[in-house]
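One structure is given here, and the rest of the page talks about it.
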Amino acid sequence: MALVWLGAYLISGGNIDFEVLSEFTQYAMQIIMAFMMVSMLMVLVPRAMVSAQRIKQVLNSKSSIIDGSGDFQTTEVGTIEFKNVSFMYPGADDYVLKNISFKAQKGQTVAFIGSTGSGKSTLINLVPRFYDCTEGEVLVDGVNVKEYKLKDLHDKIGYVPQKGILFSGTIEENIKYGNQNATDEEVAEAIKISQSKFVYSKPEGLQDHIAQGGHNVSGGQKQRLSIARACKTP
């Protein structure tokens, strides 16, 4: 306002013309905006430093899940067994799971049914060692999961979360995500196991494009392709 008042005064006195005032006002606005950006940086930089410290703490934290020796021979094939398994989250007051025992044989279909918050997902997450059980043992192929090296354990398991995630690329690339060297026969077998035969009705078949997140396929198709991808982990 002071610049406009001063400019109007100078114009009325014939000292400058309107073009000079207009140019000067634009330059002044650029300077003011620059100072506003500097003031914003003074607010945002301390926040960014605090956030960076928190990220650093996460990156430097050591995982409580450590590799086992991997020095063993499996006694079974395709089995998962829980022996008196109990689990409590760190800092919790009560167990989420208490004294769970069962054995799933190769070829069996096992379902866990319960209300929301009853511990179904927690129980499944103990198999790939996203957590370690508080009490008892979880066995895969007759061996305690704590004895496995994590890579070897994960190579035995195809884990498909409830929310399927697909990546930008072709259907074939999504199926081969876990094993880039999978043969055409292995891809076809994965499609058969996951009942994803709908891919053959696509305009370009296995080369049909999948949008990031799988937004161009239905929820059921997304889950089936996620299952097919899990079949081809190395």
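Tabulated results
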quantity	calculated
Residue ID - nearest to K151 (Cα to Cα), chosen from residues in the range 63-109 that are in a strand (DSSP E or B) and among the hydrophobic types (A, V, I, L, M, F, W, C)	I80
L166 vs. criteria touching a residue at least 40 places away in the same chain (Cβ under 8 Å) and either surrounded by fewer than 20 Cβ atoms within 10 Å (Cβ to Cβ) or in a loop (DSSP other than H, G, I, E, B) (or both)	yes
Set L41, L97: member being assigned by TED's automatic domain parsing to the domain that holds F130 and of a type in the set (A, V, I, L, M, F, W, C)	L97
Some residue of the range 130-142 being touching a Lys or Arg at 6+ places or on another chain (Cβ under 7 Å), in contact (Cβ under 8 Å) with a residue 40 or more places away in the chain and closer than 25 Å to K222 by Cβ	no
Residue in the range 49-79 that is surrounded by the most Cβ atoms within 10 Å (Cβ to Cβ), counting only those that are under 11 Å from V143 (Cβ atoms) and not hydroxyl-bearing (S, T, Y)	G68
A230 vs. criteria surrounded by 13 or more Cβ atoms within 10 Å (Cβ to Cβ), modelled with pLDDT under 90, farther than 23 Å from K103 by Cα and out of contact with any strand residue (DSSP E or B) (no Cβ under 8 Å at 6 or more places or on another chain)	no
Any hit, the range 124-137, residues being of a type in the set (D, E, K, R), touching a strand residue (DSSP E or B) at 6+ places or on another chain (Cβ under 6 Å) and closer than 26 Å to C231 by Cβ	no
Of all residues making up the range 88-123, the number that are of a type in the set (V, I, T), under 16 Å from Q162 (Cα atoms) and surrounded by 15 or more Cβ atoms within 10 Å (Cβ to Cβ)	1
Residue in the range 209-216 that is aliphatic (A, V, I, L, M), in contact (Cβ under 8 Å) with a residue 12 or more places away in the chain and crowded, with 18+ Cβ neighbours inside 10 Å present	yes
Hits in the range 144-155 - residues which are part of a loop (DSSP other than H, G, I, E, B) and crowded, with 17+ Cβ neighbours inside 10 Å	Y148
Index of the failed condition, V160 passing every other in (1) assigned to a loop (DSSP other than H, G, I, E, B); (2) crowded, with 18+ Cβ neighbours inside 10 Å; (3) not assigned by TED's automatic domain parsing to the domain that holds L97	(2)
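The values are calculated or read from the model by the stated rules, or taken from the named source; none is laboratory data. Given the structure is predicted, the values throughout are model-derived calculations rather than measurements. When we count neighbours, we look across all protein chains shown, and the Cβ atoms used for this are built from the backbone with ideal geometry, even at glycine.
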